[in-house]
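The values are calculated or read from the model by the stated rules, or taken from the named source; none is laboratory data. Quick caveat, the model's predicted, so the values are computed rather than measured. For neighbour counting, all protein chains shown are included, and Cβ atoms are generated from backbone atoms with ideal geometry for every residue, glycine included.
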Amino acid sequence: MSPWIRWVDEEQATGTVGDVYQAWLTANPQRTEVPEILKCFSLNPALLRSVVEFSYGLQFSEGHLTRRLKEMIATLVSALNQCPY
């Protein structure tokens with residue numbers, strides 16, 4: 001299925017987009033592809049970088065909620081929204 005939103009795939013990623021993709025893949029060695037939700041921002045490299053930095057700070061930092069609990073909430077919300085990723 002083709003995406004409705006144009007984006008840059010990993011094979012074509014260069015410059016800032018390539019750097020952000022590589023950093024994301026390095027930080028997530030269990031994953032082989034950058035999630036499509038991040039690819040949606042790839043036509044605006046500065047925004048892509050900002051989204052990744054913001055989401056990691058929000059989602060993966062320890063705070064009042066543990067990372068595990070945040071991941072469980074995100075999984076539940078994705079399931080409720082019938083999100084494929």
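Annotations for the structure displayed:
- Against the conditions (1) in contact with a helix residue (DSSP H, G or I) (Cβ under 7 Å, 6 or more places away or on another chain); (2) in a loop (DSSP other than H, G, I, E, B), S61 satisfies every one except (1).
- Every pair of residues 6+ apart whose Cβ atoms lie under 7 Å, when the first sits in segment 10-36 and is without any contact (Cβ under 8 Å) to a residue 24 or more places away in the chain while the second is charged (D, E, K, R) and part of a loop (DSSP other than H, G, I, E, B): L25/R31
- Residues in segment 46-85 that are aliphatic (A, V, I, L, M) and under 19 Å from L25 (Cα atoms): A46, L47, L48, V51, V52, L58.
- Selected residue (criterion: nearest to S78 (Cα to Cα)) from residues of segment 1-28 that are among the small types (G, A, S) and assigned to a helix (DSSP H, G or I): A27
- Of the residues making up segment 45-78, those that are more than 23 Å from E10 (Cβ to Cβ) and of a type in the set (K, R) are R67, R68, K70.
- Matching option when the condition is touching a helix residue (DSSP H, G or I) at 6+ places or on another chain (Cβ under 7 Å) and part of a loop (DSSP other than H, G, I, E, B), among R31, R49: R31
- Here A23 fits the description: among the small types (G, A, S) and surrounded by 12 or more Cβ atoms within 10 Å (Cβ to Cβ).
- Within segment 31-40, one or more residues are modelled with pLDDT under 95, loosely packed, with under 12 Cβ neighbours inside 10 Å, of a type outside the set (A, V, I, L, M) and farther than 19 Å from I5 by Cα.
- Residues of segment 42-55 satisfying the condition of being in contact (Cβ under 8 Å) with a residue 24 or more places away in the chain, over 8 Å from the mean Cα position of the chain (by Cα) and closer than 15 Å to D19 by Cβ: S42, P45, A46, L48, R49
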